[in-house]
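The values are calculated or read from the model by the stated rules, or taken from the named source; none is laboratory data. Just so we're clear, the structure is a prediction, and the values are computed from it rather than from any experiment. For neighbour counting, all protein chains shown are included, and Cβ atoms are generated from backbone atoms with ideal geometry for every residue, glycine included. Note: accessible area is taken over every heavy atom of the protein model, side chains too, but ligands, DNA and RNA are not part of it. Shrake-Rupley method; radii C 1.70, N 1.55, O 1.52, S 1.80 Å.
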Amino acid sequence: NPVTTADNEADAFLKSTLTSARPRYGWLSEETVDSKNRLQKDKVWIVDPLDGTKEFIEGLSQFAVSIALVESGNPIVGVLHNPATSEVFNAVSDGGAFCDGRPIKCIGCDDLKRASALVSRTEKKRGMLEGFVPILGDLHYIGSVAYKLGKLATGASNLYFTVQPKNEWDICAGDLIVREAGGVVLDGNFQTMRYNERNTKKPAGIFAGKPEILDELIEHYNKLQN
């Protein structure tokens, strides 16, 4: 994965700002060498200073800064910011989800064949999504996992899914924002995820949307894997 000056400078700024404000909290970021000291902390910042670096390099407005605060494995604060579009998505546990200060909600769909999904440009290029085309109404190919989760929470689409492993910093803030917008984020075993784990990589197969539509999508994914 490419790393730009913007990734590193954003990381340095966020680390300095957040750890100065909360010096007792742990730190986990894509662009910082991991310290296992975070595992002993009750509260940990989990940050991707620039999710969607490929899109950033290409000049596409499909990237985001992702900041989450996790307590005992669960996200309690989530913020996503797309500097190119000036969108800010945010949520606090049990406080609802917002985009640019306005409340947002996930939207459901009772039929997968009419549902729309936000999915990866890279996975499309690699031919990894062809098995989903027949069962879904529409696939929208955009960059940045974090940005897709934020847009999902606004009701821009019914579903998000990825068939590749992702790191905690890719999804943590978006996970909370989707939850507070009335959706869920599940793995291929139909389970919610915990964060600040020793292994920060989440296995392939992550799905988000309203609960009533996800089970069928996950079952289809598991059939494809078998």
Residue-by-residue Karplus 3J(HN,Hα) for region 181-198, coefficients 6.51, -1.76, 1.60, Hz, glycine and proline x: 8, x, x, 9, 10, 10, 8, x, 9, 6, 10, 6, 10, 10, 10, 6, 8, 4
What is the sum of charges around Leu186, taking Lys and Arg as +1, Asp and Glu as -1, for the other residues whose C-beta is under 14 Å from the C-beta of Leu186? -1
Solvent-accessible heavy-atom area per residue, rounded to whole Å², over the chain at 1.4 Å: 46 Å²
In degrees between 0 and 90, to the nearest 10, how far off the longest principal axis of the chain does helix 211-225 point, with axes built from Cα atoms? 80 degrees
In whole Hz and in residue order, list the ³J(HN,Hα) couplings for region 8-18 that follow from phi through the Karplus curve 6.51 cos²θ - 1.76 cosθ + 1.60, θ = phi - 60°; x for Gly and Pro. 5, 6, 5, 4, 4, 5, 5, 4, 4, 5, 6
Assigning unit charges at the beta carbon (Lys, Arg +1; Asp, Glu -1) and nothing else, what dipole magnitude in debye, to the nearest 20, does the chain show about its Cα centre? 260 debye
Can you work out the FRET efficiency for the pair Arg194 and Ala21, with r the C-beta to C-beta distance and R0 = 30 Å, to the nearest 0.05? 0.75
Efficiency of FRET from Cβ geometry, Asp34 and Asp215, R₀ 35 Å, rounded to 0.05: 0.55
Sulfur and carbon atoms: percent of accessible area, the chain [1.4 Å]: 48 percent
Based on DSSP H runs of at least 4 residues, each adding -39500 (n - 2.57), what is the mean residue ellipticity at 222 nm of the chain after dividing by all its residues, to the nearest 500 deg cm²/dmol? -8500 deg cm²/dmol
5 Å is the cut-off here: which amide hydrogens, built 1.01 Å from N in the peptide plane, fall below it relative to Ile142, excluding neighbours closer than 5 in sequence? Val119, Arg121
Across Lys36/Lys151; Lys15/Lys166; Lys166/Lys223; Lys36/Lys125, pairs whose alpha-carbon gap is larger than 29 Å: Lys36/Lys151; Lys36/Lys125
I need the phi-derived Karplus couplings for region 140-154: 6.51 cos²θ - 1.76 cosθ + 1.60, θ = phi - 60°, integer Hz, Gly and Pro marked x. 10, 9, 9, x, 6, 4, 4, 5, 4, 5, x, 5, 4, 5, 7
Non-local residues with an amide H under 5 Å from the amide H of Ile76, with H modelled 1.01 Å from N and Pro and chain starts lacking one, are Leu69, Val70, Glu71
Interchain or long-range residues, amide H under 5 Å from Gly182's placed H: Cys106
